[in-house]
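One structure is given here, and the rest of the page talks about it.
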Amino acid sequence: MSFAESARPAGQAGGFHRIVFTGKASEYFGIWIVNVLLTIVTLGIYSAWAKVRRNRYFFGNTVLLGRSFEYHAKGLQILIGRLIVLGGFVVLNIIAALVPILVLLPTLVVLIALPWLVAKGLRFSARVTSYRNVRFDFVGGAGGAFKAFILGSLLAVITIGILTPLASRWVARYVGSNLRYGGKAFETDPKLGPLYKSWLLSFLIALVGLGIIALLVLMNLSLILPMIETPGLLTPEQQIPLIFSAVIGYIVLFATFGIAGLFYKAGVRNVTWSATTFDGQHQLMSDVSRTRYTWIAISNVIVTILTLGLMRPWAAVRMARYTWEHTGITFTGDVGELFNRIEAQGSAVGSEFMDFEGFDFGF
Amino acid sequence: MKGSILASDNAAIAAGEWHPAGSSRSVEARLIERAGEIAAVPVGGEKPLAGAGLSWVEISGRVGSIPRRVTFPDGSIFETWDNDGVDRYLAMRGKGGAGLVHWLEQFRLRLIVIVLLAFVLGGAVYRWGVPLLVEVAIATTPPIVPQLMAKGTLEALDQTTFSPTKLPDDRRKDIADGFARIAAQSPRGAGAYTLNFRDGGLIGPNAFALPDGTLVITDQLVTMAGGDTEMVVGVLAHEIGHVELEHSLRQFYRAAGMTGLIMLIAGDVGSAVEDVLVQGGGLLALSYSRSAEAEADRRSVELMAKAGYDPTAIARFFALLEEKLGDKSNTNILSTHPGTPQRKKDIIDYSRIISGQSDPDLQ
Ligand SMILES: [Zn+2]
């Protein structure tokens, strides 16, 4: 194939290298529609194998230095993992139903088990991923997952979003600094300053959204107040502008919070990746444009819905191409030399067959 | 293949790179078949790096045009972008080439058939598959489950909201006698139902049925009805209808089934579209519970007629609701219950039909 010739010799020298995404919408369309069809026909059972084909396609088309990443999980393994989690959940609920005192048991167990499942899921995702025949590994535990995901989101929620950057920092550190490749560590430590800088814009966008909703309420105050005092006073004709405003308010809320979330997500990605090093010397980088990223995400959803899902493969490939091609790594020293030295390290090898997926977590 | 001159008994398969087991070190190599064995030999060399019989090597399945891996028994791998070369070799050795799934996935005109099949089967699963699964689940649910669900719910409500009834004994007896008359008309028999009186507290005027046949009516509803016992019995007949038709279990299984199906295709539709689907599913569930209310209304009319009561007694209850709560709203897609004026009309129409009068809409 012509690609083999053009891709392989790509820069063995050190320096900066961008990731290339070689997936094509037309090619993925076939994989996607067959996945959907077989998932429907098997009432969902095939979805485990569908996930394997989808991930193999996306990983296999993510290329660094002419070599692609690889996804190694097996469909049966994912299916068994899902059945274990589902089975545990059903058993818990049956126990809770049989012994009414234990009504809160499922919630309690889920809260305790969730960090463990997240850690397990991250480890699974890392261990079924390889680059140049060497697997990734993840060494984070349940305690770290509890702090990063549960404590972090709790803090973010009770401070109405003001501490979100702190939570993002915890997540980035937990995921980034526990990642290993061939026994060598990644190190991530995004600073709060840049995180808050990208958070501020999102916060303002969310405020604008809330402002519009407050305005809508004020405009309809003459109708809302009597309705609260004496329900049923309004004629259906009077209710129409009220329902209209409620629908607009819902859309505004969805749109502004969606845009704010996407802006923030792109900003955090840039800050986090650019604050990550591999083996203490090779610097990772992300330079996605927040506006462009948000535009791609929103137009993807609109196009997907308007085409009854048929443009979803195009949308998925478009997003993957944009984000990966704005990601790169600066190697210090000779790359050939570097990859001559990297060897798989004990724990990550082969043990994925004893692993199960736990809580699926995109990695 | 790079013009290398191959010995006559060497069949070239593909060019690529070879990795020792667990190492990122790579050697430029080609895959050949020699003397019944498949082997990786270095470019410009003849001594094989690894080799084994075809049944001893593992060749990864084809997904799009991502690189193929050939894993040798010693754990070393050969990786190539030349999918066609590998497929040609596999086809020649009677191993089916790239496989059936890949054949289906190719971007050819026949994909249209798969797209149509996916839509038709998706609709069929929604229309018949989910309801069928719900029926199977209901049929296999042991009676202990609804009993436990009901016991837990009533205990919880008693502890938090309800207090013992304050109705006079003779008023309760009137209602209980009327209830026994209609319960005897239910195919399950009067023994399948138990009527409980409670002071509703915050819940106010209400009546509800638990899936095991436990019915609860609040003092507030009885008081609101004034002296009209027949009307209260009409409401209880509606609740018996919910129990007979197993609405609560059915609704629970339906919601669980739909959520499960959406989650299984989530990876193939993206998280934003998944959210939209879940919201849409919620709206559909509301409209489903509206049809359940209409079914229970009709059952009330039937039971009341059989027991020799006024079949439209429950319509009087809706008239009272309109008067007291000012509910004049028309049926609205966002509401759980059909608008009360509409329900009243449907009840009167239905009672005419079952009493042998002609359908008023056809007059
Ligand atoms: Zn009802």
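The figures follow:
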{"item": "Selected from B:Ser60, B:Ser271, B:Ser163 as most flexible by GNM, with chain B as the system and alpha-carbon contacts under 10 Å", "result": "B:Ser60"}
{"item": "Computed FRET value (nearest 0.05) for B:Ala176 with A:Ile94, which takes r as the C-beta separation and R₀ as 25 Å", "result": "0.10"}
{"item": "Full-extension gain in nm, A:Ala185 to A:Ser26, via 0.36 nm per residue minus C-alpha separation", "result": "53.5 nm"}
{"item": "Nearby aspartates and glutamates by direct alpha-carbon distance to A:Lys51 (threshold 13 angstrom, same-chain neighbours under 8 apart not counted)", "result": "A:Glu357, A:Asp360, B:Asp268"}
{"item": "On Cα atoms only, tilt of B:111-124 relative to the major axis of chain B in degrees", "result": "30 degrees"}
{"item": "Sparse-neighbour loop sites [trypsin sites (Lys or Arg not before Pro); the range A:159-193; at most 14 other C-beta within 10 Å; DSSP]", "result": "A:Lys191"}
{"item": "Choice from B:Ile262, B:Ile112, B:Ile175 with maximal GNM fluctuation in chain B (Cα, 10 Å cutoff)", "result": "B:Ile112"}
{"item": "Low-density loop positions, chymotrypsin sites (Phe, Trp or Tyr not before Pro), the range A:263-313 - DSSP coil, at most 15 other Cβ in 10 Å", "result": "none"}
{"item": "Pair B:Arg88, B:Tyr288: separation of 7 Å Cα→Cβ label points (nm)", "result": "5.4 nm"}
{"item": "Choice from B:Asn83, B:Asn196, B:Asn206 showing the highest fluctuation, given a GNM over chain B with Cα pairs closer than 10 Å", "result": "B:Asn83"}
{"item": "Average beta carbon contacts from partner chains per residue of A:39-49, 10 Å cutoff", "result": "5"}
{"item": "Sequence-distant lysines (8 or more away, or on other chains) whose Cα lies within less than 21 Å of B:Lys47", "result": "B:Lys2"}
{"item": "Positive minus negative residues near A:Trp314 (Lys, Arg vs Asp, Glu; Cβ under 13 Å)", "result": "+3"}
{"item": "Degrees separating the helix B:247-269 axis from the principal Cα axis of chain B, which is the longest one", "result": "30 degrees"}
{"item": "Reach of A:Lys184 by Cα under 22 Å, taken over lysines that are not fewer than 8 positions away in the same chain", "result": "A:Lys120"}
{"item": "Overall form of chain B per C-alpha gyration tensor (a/c, 1.5; a/b vs b/c)", "result": "prolate"}
{"item": "Relative contact order (%) - criterion: Cα under 8 Å, at least six apart; region: the range A:15-350", "result": "21 percent"}
{"item": "Per-pair calculated FRET efficiency, R0 = 41 Å: B:Thr194 and A:Leu306 via Cβ, rounded to 0.05", "result": "0.20"}
{"item": "Area hidden from solvent between A and B (accessible, protein heavy atoms only, 1.4 Å, total, Å²)", "result": "5100 Å²"}
{"item": "Estimated inter-spin distance, A:Asp279 and B:Ala124, nm [label 7 Å along Cα→Cβ]", "result": "5.5 nm"}
{"item": "Exercise: per-residue mean of other protein chain Cβ atoms within 10 Å, A:298-305", "result": "3"}
{"item": "Residue-span extension gain [B:Arg110 to B:Asp169] - 0.36 nm each, minus C-alpha spacing", "result": "13.8 nm"}
{"item": "Cα-projected label distance for B:Ala184 with A:Ile248, points at 7 Å along beta-carbon direction, nm", "result": "6.1 nm"}
{"item": "Cβ-derived FRET efficiency at R0 30 Å, A:Ala142 paired with B:Thr140, nearest 0.05", "result": "0.25"}
{"item": "Relative contact order for the range A:54-171, counting Cα pairs under 8 Å that sit 6 or more residues apart, in percent", "result": "19 percent"}
{"item": "Neighbour net charge for B:Pro143 - beta-carbon separation under 12 angstrom, K R +1, D E -1", "result": "-1"}
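The values are calculated or read from the model by the stated rules, or taken from the named source; none is laboratory data. Predicted model, so just to flag it, every value in this text is computed and none were measured. Methodologically, a virtual Cβ is constructed for each residue, glycine included, from the backbone with ideal geometry; neighbour enumeration extends over all protein chains shown. Ligands, DNA and RNA are stripped out before the accessible areas are found, and what is left, the full protein with its side chains, is counted by its heavy atoms. Shrake-Rupley method; radii C 1.70, N 1.55, O 1.52, S 1.80 Å.
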